[in-house]
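*Asks:* Sending over a structure as structure tokens; questions will come in a sec.
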Number of protein chains: 2
Amino acid sequence: MAETDQALPLSDQLAAMNLTDTVEKHAFSDRVLIRSIVGRPDGGAGLAGQRVRAGGWVKTGREQGKGTFAFLELNDGSCPASLQVIVDAGLAVLSKLVATGTCVVVDGILKVPPEGTRQKIELRVEKVVSVGEVDPAKYPIPKTKLTLEFLRDHLHLRARTNTIAAIARIRNALAFATHSFFQEHNFLYVHTPILTTSDCEGAGEMFQVTTLISESEKLEKELIKNPPPSEVDIEAARQVVSERGEAVKQLKAAKASKSEITASVAELNKAKENLSKLEERSKLKPGIPKKDGKIDYTQDFFARQAFLTVSGQLQVETYACAVSNVYTFGPTFRAEHSHTSRHLAEFWMVEPEIAFADLQDDMNCAEAYVKYMCNWLLDRCLDDMLFMAKSYDKGCIDRLRMVASIPFVRISYTEAVELLEEAVRGGKKFENEVKWGIDLASEHERYLTEVKFQKPVIVYNYPKGIKAFYMRLNDDLKTVAAMDVLVPKVGELIGGSQREERYEVIRERILEVGLPLEPYEWYLDLRRYGTVKHCGFGLGFERMILFATGIENIRDVIPFPRYPGRADL
Amino acid sequence: MAETDQALPLSDQLAAMNLTDTVEKHAFSDRVLIRSIVGRPDGGAGLAGQRVRAGGWVKTGREQGKGTFAFLELNDGSCPASLQVIVDAGLAVLSKLVATGTCVVVDGILKVPPEGTRQKIELRVEKVVSVGEVDPAKYPIPKTKLTLEFLRDHLHLRARTNTIAAIARIRNALAFATHSFFQEHNFLYVHTPILTTSDCEGAGEMFQVTTLISESEKLEKELIKNPPPSEVDIEAARQVVSERGEAVKQLKAAKASKSEITASVAELNKAKENLSKLEERSKLKPGIPKKDGKIDYTQDFFARQAFLTVSGQLQVETYACAVSNVYTFGPTFRAEHSHTSRHLAEFWMVEPEIAFADLQDDMNCAEAYVKYMCNWLLDRCLDDMLFMAKSYDKGCIDRLRMVASIPFVRISYTEAVELLEEAVRGGKKFENEVKWGIDLASEHERYLTEVKFQKPVIVYNYPKGIKAFYMRLNDDLKTVAAMDVLVPKVGELIGGSQREERYEVIRERILEVGLPLEPYEWYLDLRRYGTVKHCGFGLGFERMILFATGIENIRDVIPFPRYPGRADL
């Protein structure tokens, strides 16, 4: 068979592999993507003989043959693999090419390397087009093994490492998978606001957004440069007004000429204007404007207090109750002083909302979405997943396969508590007490998904006392139609619910949990007018990446992590 | 021919139209999408005889035949068209169904209506499953023609109108087109931060993000409830410490038992602890913490001043200089007191960044991207575009076709100024003077794209004096490699540039424009280590929607507009 294959012309062999024998140039650049060479199933072998321009950063480089040539491993971020490049000494000063991090653009010809090498193809350079040098003595992220923690202090360079680049590709894949999933299922992407004046039922501490401080600092600077008038200044200006008034009076009494009187009146008006300007300025006070002892937010940018959103759910519901199927995918914020490996002050959430749908539909959607993402990574990011498996988490690919194929377990909260109590009776120790009515702690969730079932678990129908007012009250009047999706490695990945669509019931619930009605009148309007059964959930996007990659710290799976005390760049 | 067609079985006729004769149920709901019926090329006629469940909101409804049945136009937001529904009086109280805005779920059978009606199919109801009523006397957005301005005061309900729903679908389409375009071209989607401590070269006024105010308000409340100790309280506590200290001394001197001494020492320690707590509390001062007369930002959440981003460009460049092709698509913010129809305080931007690419590549990418979006709308949103053409802007579809098919004009800034000067000589009046060195005003841009060329125009190589420091200095040392894409209807749609990749040159430019070097050291690092030729641009996403739809005010093309004095919901 092998002989027959050999006998086939190269183009036919490639066609059988669904490959062409020309390298695709990047659409908006004169170079090729390195992935389009080394990312092929044949490792690039079928491209031997092609002339290409390649550009990238040197992963490792070394001079060989007593300085007569250099080997460079060139990577452009398009895939985990690098292209082996060979440069002869006559083409460039080799010592300037070999430092890790050097940017190199070269023209050359692709050749099959001698047998026994790992590479299926290498690039023999004919011309060095450009070099962005690196002084290895100063480069902050040299070739030596760097910890993820160390890299967090070099956010602007860390994407040049294999790990952070692989995470970037996986994150990109999951984001596009998210859009593809919801678009395929006829959901509209709705941009909910980042700046909000609604407090989503106190979901957490909020960041305040304001221009009052900068405005007051501006004023302060201005008043230092140009101090406000003193009482003496104002008195003097008043004096001038009265003198000029007197002058006008005298001219009139003396029956002076019209032009004389006009000129005098003009002088008087000028003096009056000056006085009122001074009086106005004398009222300016440094500091944040106050009224009745409180900050005067009517002078803030939005004429009221504004915050960064903690969730787009309430707002996206207004669209679900109009165009049926929607989702939002954007940044959300919590001003909590959590220094854990699971919390960020700025993180991304995916929040679909479905009209004409109940808790079962919600669970079906959540399960289908998670499975879709797992399949997407297996189909399109396997090279990056293999890197993660090799470097961080041996089991990550098996985990994706398992979640993609196995139906999620679905148990009620009451059943979940029973299982946990059973475990306690069997000798399992939890830090947090288990009894009906508690909010499940992370240790409980991990036990259910990692130990008890060893697969994803959806827990539904939680006690109303531990859940938000907008979740639909069940007929038992004790539980609400909420659901959490728990997965191995991270625990809670998704939280959702059917929303309370009955006006009287939700109004009662708002009062019951001690919230004022007024700020929720617009939300109540959705139930007052043409109310609809609907549901939705939120997925913490970074948690999904932790789940997929096995990375331990959430600060490493977002390009620019924000947490207490740190917001670099 | 018609007869032959009639003779074909229905299934074959449908196959010829690429249609099936079953209605697709929504994946996560028990109803069908109304679009899957009335959005078919045959208007739904091929589905006659099918039993379906449909849900939606009544656009218009009326009782007919002396109250024996009702016609409802039912819309679920999946397309601009509604489904005609006929309900007999025996099935429900008809008066409760017909009000605009009522939510109705019905089971029924699809039938071809009598000849002479506009509809190709209608739903004969067999069962009314549920109704979300509307009191038409109270409904804030009744059927009467409502202005877009009026609707801005009812953000939570306005998506139920034909216009805002059509804009939502167009916005969704453009967002997914954006992702699809960049993914197809091997760009990675990078989430740049919303919270930033970098000021993107003073691109505009920034919103400050802080927890200092809420923390100080919390403290203030606490101090009112629980006032700080007075000097007298502290003196008293000191007295206790000294007494207890004396007591310990005496017991020791008296050689008391070990247990007596231990107990006495414990008492002393308790008193000391109490004193230090009081002293600590006495230092608490209401108000924002200050140090040396300035606000002490080390006590703010991020231990420094933080802002909302005005652009993700500088941060996304760190990824371009590592993984080559990236884009960011997210919200950006300007705290400017602009009350125009073209400015928002919160708006979405698309910012690609391409390594190994120059200004030509940048223009090619921008042009391809805009054309791709136009084609996407023509291919997938034609029904919504027809609605916009009918209701708002007759020319909008032709404009999309023109932009999708015609090569963009490309002229240098110098040529642009010459053309404008020529126009002035020809009698054209501009409010802003035209001469080399000015920043082109909106009227100039509109003249070039709408009058002079009547097609998209890319102007490139602007004077360095009016552009940002990071744009690449041309060899003439007078201009920079910047480019703006101007389109009819909105003027500037895109602004971009090749970035200055030469360390010495960009360092000089930062100093030249009067900026400090220190905050840009990380940005300079990208040029110090492995620098690469690169370029990018920013597209104002809402401007693209204005361009596509012909809507006049930017506040109507974003779901939740934020502008001075307003941030509803």
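The values are calculated or read from the model by the stated rules, or taken from the named source; none is laboratory data. Only a predicted model underlies this, so the values are computations on that prediction, with no experimental measurement involved. Neighbour counts run over all protein chains shown; Cβ positions are idealised from the backbone, glycine included. The protein model used for the area step is the full one, side chains on, heavy atoms only, and it has no ligands, DNA or RNA in it. Shrake-Rupley method; radii C 1.70, N 1.55, O 1.52, S 1.80 Å.
*Asks:* Top to bottom by accessible area (1.4 Å), largest first, where do B:Val265, A:Val434, A:Val370 land?
*Replies:* Working: B:Val265 50, A:Val434 20, A:Val370 0 Å².
Descending order: B:Val265, A:Val434, A:Val370.
*Asks:* For segment A:448-546, what % of the accessible area comes from carbon and sulfur atoms, probe 1.4 Å?
*Replies:* Roughly 47 percent of what the probe reaches on segment A:448-546 is carbon or sulfur.
*Asks:* Segment B:210-292: D in µm²/s via Stokes-Einstein (Kirkwood Rh, Cα pairs, 25 °C, 0.890 mPa s)?
*Replies:* Answer, rounded: 163 µm²/s.
*Asks:* Continuing with the same structure: With viscosity set to 1.567 mPa s and temperature to 4 °C, compute the Stokes-Einstein D of segment A:19-132, Rh being the Kirkwood radius across alpha carbon pairs; µm²/s, no decimals.
*Replies:* Here the translational diffusion coefficient equals 94 µm²/s.
*Asks:* OK, next. When you count, for each residue, the other Cβ atoms within 10 Å and take the mean per peptide, how do B:540-549, B:155-164 rank with the highest first?
*Replies:* B:540-549, B:155-164
*Asks:* Regarding the protein assembly as shown, what is the average projected area of its C-alpha convex hull, in nm²?
*Replies:* 69.5
*Asks:* Here's another thing I want to ask about it. In percent, what relative contact order does segment B:223-333 have, based on Cα pairs under 8 Å that are 6 or more apart in sequence?
*Replies:* On the way: 62 pairs, mean separation 25.3, N = 111.
Computed over segment B:223-333, the figure is 23 percent.
*Asks:* Count neighbours as other Cβ atoms within 10 Å of each site's Cβ, and list the trypsin sites (Lys or Arg not before Pro) in segment A:247-342 that are DSSP loop with at most 14 such neighbours. Don't skip to the end; give the middle numbers.
*Replies:* Values: sites: A:Lys249, A:Lys252, A:Lys255, A:Lys258, A:Lys270, A:Lys272, A:Lys277, A:Arg281, A:Lys283, A:Lys290, A:Lys291, A:Lys294, A:Arg304, A:Arg334, A:Arg342; in loops: A:Lys255, A:Arg304, A:Arg334, A:Arg342.
Sparse-neighbourhood loop trypsin sites (Lys or Arg not before Pro): A:Lys255, A:Arg304.
*Asks:* Any chance you could get the radius of gyration and Dmax over the Cα atoms of segment B:378-451, in Å?
*Replies:* Every Cα atom of segment B:378-451 included, Rg and Dmax give 16.4, 45 Å.
*Asks:* Which of the lysines could a cross-linker span from B:Lys111 if the Cα-Cα distance has to be under 23 Å and same-chain partners fewer than 8 positions apart are dropped?
*Replies:* Output for B:Lys111: B:Lys25, B:Lys59, B:Lys66, B:Lys120, B:Lys127.
*Asks:* Here's a follow-up. Partner chain Cβ atoms within 10 Å, averaged over the residues of B:461-470 - can you pull that number for me?
*Replies:* Details: counts 0, 0, 0, 0, 0, 0, 0, 0, 0, 0.
Partner-chain Cβ atoms within 10 Å, mean over residues of B:461-470: 0.
*Asks:* Ignoring ligands, DNA and RNA, how much accessible area is buried between chains B and A, both sides summed, with a 1.4 Å probe, to the nearest 100 Å²?
*Replies:* Rounded to the nearest hundred, the buried surface is 9900 Å².
*Asks:* Something else: Stretched out fully, how many nm does the piece from B:Ser442 to B:Gln454 gain, at 0.36 nm a residue minus the Cα gap?
*Replies:* Full-extension gain reported as 2.8 nm.
*Asks:* Which order do you get for B:Asp135, B:Asp398, A:Asp300 if you rank them by accessible area with a 1.4 Å probe, largest at the top?
*Replies:* Sorted descending by solvent-accessible area, the residues read B:Asp398, B:Asp135, A:Asp300.
*Asks:* Among the GluC sites (Glu not before Pro) within segment A:48-118, which fall in a DSSP loop and have no more than 15 other Cβ atoms within 10 Å of their own Cβ?
*Replies:* A:Glu115
*Asks:* Could you work out Rg/(2.2 N^0.38 Å) for segment A:326-408, with Rg from alpha carbons only?
*Replies:* 1.36
*Asks:* Apply the Kirkwood formula to segment B:136-186: the hydrodynamic radius equals the inverse of the mean of 1/r over all pairs of different alpha-carbon atoms; give it in Å with one decimal.
*Replies:* Kirkwood radius, segment B:136-186: 12.9 Å.
*Asks:* How large is ³J(HN,Hα), in whole Hz, for each residue of segment B:147-163 in order, when computed from phi with the Karplus curve 6.51 cos²θ - 1.76 cosθ + 1.60 and θ = phi - 60°, using x for Gly and Pro?
*Replies:* 7, 4, 5, 4, 5, 4, 8, 9, 4, 6, 10, 5, 5, 7, 8, 4, 5
*Asks:* Counting pairs of alpha carbon atoms under 8 Å apart in space and at least six apart in sequence, what relative contact order in percent does chain A give? Could you put the intermediate results ahead of the total?
*Replies:* Numbers: 972 pairs, mean separation 68.4, N = 569.
Relative contact order here is 12 percent.
*Asks:* Compute the signed sum of charges (Lys and Arg +1, Asp and Glu -1) over the other residues within less than 13 Å, Cβ to Cβ, of A:Glu235.
*Replies:* Net charge in that neighbourhood comes out at -3.
*Asks:* How large is the translational diffusion coefficient of segment A:80-216 in µm² per second when you combine the Kirkwood radius over alpha carbon pairs with Stokes-Einstein at 4 °C and 1.567 mPa s?
*Replies:* Translational diffusion coefficient: 63 µm²/s.
*Asks:* Within 10 Å of each Cβ in A:530-537, how many Cβ atoms from other chains are there, averaged over the peptide? Write down the numbers at each step before the final one.
*Replies:* On the way: counts 16, 7, 9, 7, 1, 2, 0, 0.
If you average over the peptide's residues, the count of other-chain Cβ atoms is 5.
*Asks:* Just the C-alpha atoms of segment A:441-569: what Rg/Rh do they give, with Rh taken as the Kirkwood radius?
*Replies:* Using Cα coordinates only, the ratio equals 1.06.
*Asks:* At 0.36 nm per residue, and after removing the present C-alpha to C-alpha distance, how many nm does the segment from A:Asp398 to A:Glu243 gain when stretched out fully?
*Replies:* Numbers: separation 155, 0.36 × 155 = 55.80 nm, distance 9.33 nm.
Residue separation times 0.36 nm, minus the Cα-Cα distance, leaves 46.5 nm.
*Asks:* Average partner chain C-beta neighbours within 10 Å, per residue of A:31-44?
*Replies:* Working: counts 4, 0, 3, 1, 1, 1, 0, 0, 0, 0, 0, 0, 0, 0.
Partner-chain Cβ atoms within 10 Å, mean over residues of A:31-44: 1.
*Asks:* With r defined as the distance between the Cβ atoms of B:Asn274 and A:His337 and R0 fixed at 30 Å, what FRET efficiency is calculated, to the nearest 0.05?
*Replies:* For B:Asn274 and A:His337, the calculated efficiency is 0.65.
*Asks:* Which shape class, rounded, prolate or oblate, goes with chain A when its Cα gyration tensor gives a ≥ b ≥ c as root eigenvalues, a/c under 1.5 marks rounded, and past that a/b bigger than b/c marks prolate? If you can, show how the numbers build up before the last one.
*Replies:* Numbers: a/c = 2.67, a/b = 1.36, b/c = 1.97.
It is oblate, given that a/c is not under 1.5 and a/b is not larger than b/c.
*Asks:* Sort the following peptides by mean Cβ neighbour count (other Cβ atoms within 10 Å, averaged over residues), highest first: A:226-236, B:437-447, A:452-462.
*Replies:* In decreasing order of mean packing, A:226-236, B:437-447, A:452-462 become A:452-462, B:437-447, A:226-236.
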